[in-house]
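The values are calculated or read from the model by the stated rules, or taken from the named source; none is laboratory data. From a predicted model like this one, the values you see are computed outputs, not experimental measurements. No Cβ is skipped: glycine too gets one built from the backbone with ideal geometry, and neighbour counts run over all protein chains shown. Remember, those area values only see protein heavy atoms, side chains included, never the ligands or the DNA or RNA. Shrake-Rupley method; radii C 1.70, N 1.55, O 1.52, S 1.80 Å.
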Amino acid sequence: MRAPVLLAALAAVALVPVAGMAQEADLTVVPPVPTDYKAKTTSWGEPDLRGGWPIDHLNGRTPLQRDPAQGNRAYLTEEEFAKRDEAVQQLAKRYENEDSQGTMGIGHWAEVANANRRTSWITSPANGRLPEYTAEGKRLSGEMKSTWRRNQPFNWVDDFDSWDRCITRGLPASMFPFMYNNGMRIFQSPGLVALQMEMVHETRMIPTDGRPGIPVQMHNWMGESRGHWETGNTLVVETTNFRPGPSATNIGTTGSPPENDTPVSDQAKMVERFTMTGPDPIVYEFTWTDPVVFAEPWSARLEWQRDDNFGIFEYACHEGNVQIRNYINASRAERAQATQAAGGGSR
């Protein structure tokens with residue numbers, strides 16, 4: 001990861017010319033992904049996506065879900081963008097403010113990037129929001145547990161989610177920007193693409209050699225992926241065989257449900273497209289389909305920018321493995337005190 005920087009080149013990520021912002025109709029349309037760029041190829045003839053593709057430059061307060069007041073607008077108005085930009089500038093000052101006060105807090109931890117004009121990362125449904133849950137989706141969500149659930153007691157390890165336990169942030173949550181650890185790297189060998197993620201030190205292995213999928217009875221935290229190439233510049237990845245457990249959304253992404261309680265069923269399917277539109281940008285898109293949980297599929301689009309100098313650090317999630325124990329001990333102590341105060345004695 002790296003300290004926050006304000007790069008003029010990232011203005012291109014806004015996607016919409018400033019002159020076009022005056023026309024309300026333009027704000028509702030996300031331009032189609034260009035497909036005329038032909039990426040250079042590897043020595044074995046596949047499009048070459050290798051390199052560093054960190055998504056920290058997207059951490060500029062663009063939410064996962066759109067403010068309902070913005071309707072079907074994909075882009076901010078000039079006034080809205082000015083407000084977001086000011087908010088981002090204030091967040092970027094936290095590091096300097098803490099230094100000047102001789103303190104160390106969230107400013108030394110959270111990374112901030114330039115403001116983006118997108119109203120939401122979600123592009124479909126048209127309102128930029130997660131679809132409604134099915135009845136089963138509501139039930140599954142209500143049964144999820146994590147340290148982000150309000151007023152939840154902790155008695156054992158199954159009261160924590162996979163992110164609490166430093167196992168995985170899951171999909172599609174892992175593909176969205178977070179306040180830190182936004183490193184992404186792509187490696188390739190003949191018939192295989194590896195996507196390394198800084199958060200939770202995971203690497204997605206994506207065969208592109210046409211091998212069949214694994215049996216439906218087998219489930220993995222990050223699912224099982226199969227990829228193929230299209231148009232000389234696009235990697236298409238289909239992922240199935242998800243193991244239920246991780247939340248499909250993560251509170252660390254602005255505008256996500258706050259309690260990490262978006263279920264994933266074993267029927268979930270994710271189709272991604274990594275399209276190189278030049279030597280240094282990739283348009284990343286995906287569609288998430290989970291008929292057990294959501295009434296309809298939903299899609300998102302993010303613009304990646306090459307940065308081969310981005311340094312990925314070790315992700316030491318819970319050195320000493322003490323936090324799970326501390327949560328349980330504290331929760332039991334609080335409940336014992338409450339019981340004693342109510343005259344029920346201690347347990």
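Just the Cα atoms of region 208-253: what Rg and Dmax do they give in Å?
That works out to 13.4, 36 Å for Rg and Dmax.
Does region 226-336 classify as rounded, prolate or oblate by the C-alpha gyration tensor (a ≥ b ≥ c root eigenvalues; a/c under 1.5 gives rounded; else a/b over b/c gives prolate, otherwise oblate)?
Because a/c hits 1.5 or more and a/b fails to exceed b/c, region 226-336 counts as oblate.
Keeping all protein chains in the complex and leaving out DNA, RNA and ligands, what accessible area do you get for residue 91 with a 1.4 Å probe, in Å² to the nearest 10?
My reading of the accessible area for residue 91 is about 50 Å².
Extending each Cα 7 Å along its Cβ direction at residue 36 and residue 238, get the distance between those two points in nm, one decimal.
Using points 7 Å along Cα→Cβ, the separation is 3.1 nm.
At 0.36 nm per residue, and after removing the present C-alpha to C-alpha distance, how many nm does the segment from residue 289 to residue 72 gain when stretched out fully?
76.0 nm
Please give the helix 323-341 orientation as an angle from the longest Cα principal axis of the chain, in degrees from 0 to 90, rounded to the nearest 10.
Between helix and principal axis, roughly 40 degrees.
Which of 29, 236, 322 ends up with the largest GNM mean-square fluctuation for the chain, with Cα atoms connected below 10 Å?
The residue with the greatest mean-square fluctuation here is 322.
Classify region 293-347: rounded, prolate or oblate, from the alpha-carbon gyration tensor (a ≥ b ≥ c, eigenvalue square roots; a/c under 1.5 rounded; otherwise prolate if a/b is larger than b/c)?
Oblate, because a/c is 1.5 or more while a/b does not exceed b/c.
When the accessible area of the chain is split by element with a 1.4 Å probe, what percent falls to carbon and sulfur?
53
Excluding the sites themselves, what is the longest stretch of the chain that contains no GluC sites (Glu not before Pro) in a DSSP loop with at most 12 other C-beta atoms within 10 Å?
Between exposed loop sites, the widest span is 133-313.
Using a simple charge model, +1 on the beta-carbon of Lys and Arg, -1 on the beta-carbon of Asp and Glu, nothing else, what dipole does the chain show about its Cα centre, in debye to the nearest 20?
For the chain, the charge dipole is close to 620 debye.
Suppose R0 equals 30 Å. What FRET efficiency, 1/(1 + (r/R0)^6) with r the Cβ-Cβ distance, do residue 152 and residue 89 give to the nearest 0.05?
My answer for the efficiency is 0.25.
Grab the beta carbon distance between residue 194 and residue 44, set R0 = 22 Å, and tell me the FRET efficiency rounded to 0.05.
0.90
At 1.4 Å probe size, with every protein chain present, just tell me what the per residue accessible area of region 139-219 comes to in Å².
Value returned for region 139-219: 46 Å² of accessible area per residue.
When all alpha-carbon pairs of region 26-168 are counted, what percent fall beyond 22 Å?
Result: 66 percent of Cα pairs exceed 22 Å.
Using modelled amide H (1.01 Å from N, peptide plane; none on Pro or chain starts), what sits under 5 Å from the amide H of residue 241, excluding residues fewer than 5 places away?
224
Tell me which chymotrypsin sites (Phe, Trp or Tyr not before Pro) from region 142-186 have a DSSP coil assignment and no more than 15 other beta carbons within 10 Å of their own.
Answer in residue order: 156.
What does the accessible area of residue 43 come to, in Å² to the nearest 10, when a probe of 1.4 Å is used?
Here the residue's solvent-accessible area equals roughly 110 Å².
Which label belongs to the value computed from this structure, given these candidates for mean projected area of the Cα convex hull in nm²: [x] 21.4; [y] 23.3; [z] 19.0?
Entry [x].
With θ taken as phi - 60° and the coefficients 6.51, -1.76 and 1.60, list the Karplus ³J(HN,Hα) couplings across region 188-198 in order, rounded to whole Hz; mark glycine and proline as x.
For region 188-198, the Karplus curve yields 9, 9, x, x, 8, 10, 10, 10, 8, 10, 5 Hz.
Under 22 Å from the Cα of residue 83, which lysines turn up, not counting those fewer than eight places away in the same chain?
93
Answer with one residue from 101, 127, 62: the one whose Cα lies farthest towards the positive end of the charge dipole of region 39-138, charges on Cβ with Lys, Arg +1 and Asp, Glu -1.
127
Pull up the cross-link candidates among the lysines for residue 138, meaning alpha carbon to alpha carbon under 23 Å and not fewer than 8 places away within one chain.
Straight-distance partners of residue 138: 269.
Please list, in order along region 177-183, the HN-Hα scalar couplings obtained from phi with the Karplus expression 6.51 cos²θ - 1.76 cosθ + 1.60 (θ = phi - 60°), rounded to whole Hz, x for Gly and Pro.
Ordered by residue, 3J(HN,Hα) equals x, 10, 6, 6, 6, 9, x Hz.
Residue by residue, what Karplus-based ³J(HN,Hα) values in Hz, rounded to whole numbers, does region 30-46 have, using 6.51, -1.76 and 1.60 with θ = phi - 60° and x for Gly and Pro?
8, x, x, 6, x, 10, 8, 6, 10, 5, 5, 10, 6, 5, 9, x, 9
Counting only C-alpha contacts under 8 Å and six or more residues apart, can you give the relative contact order of the chain as a whole percent?
21
Give the angle, between 0 and 90 degrees and rounded to the nearest 10, that separates the Cα long axis of helix 78-92 from the longest principal axis of the Cα atoms of the chain.
The answer is roughly 60 degrees.
How much solvent-accessible surface does residue 318 expose, in Å² to the nearest 10, with a 1.4 Å probe and all protein chains in place?
The value for residue 318 is about 60 Å².
I'd like the distance between the alpha-carbon centres of region 89-114 and region 33-78, rounded to an integer number of Å.
Answer, in whole Å: 27.
Under a point spin-label approximation (7 Å from Cα along Cα-to-Cβ), what is the residue 96-residue 217 distance to one decimal in nm?
Placing both labels 7 Å beyond Cα along the Cβ direction yields 6.2 nm.
Which FRET efficiency value, to the nearest 0.05, is calculated for residue 340 and residue 109 with the Förster distance at 35 angstrom and r the Cβ-Cβ distance?
According to the calculation, E is roughly 0.40.
Take the alpha carbon gyration tensor of region 157-215, find the square roots of its eigenvalues, order them as a ≥ b ≥ c, and report rounded if a/c is under 1.5; if not, report prolate when a/b exceeds b/c, else oblate.
Judged from the Cα gyration tensor, region 157-215 comes out oblate (a/c at least 1.5, b/c at or above a/b).
Going by average Cβ density within 10 Å per residue, which order do the peptides 261-271, 62-72 take, highest to lowest?
Packing order, densest peptide first, comes out as 261-271, 62-72.
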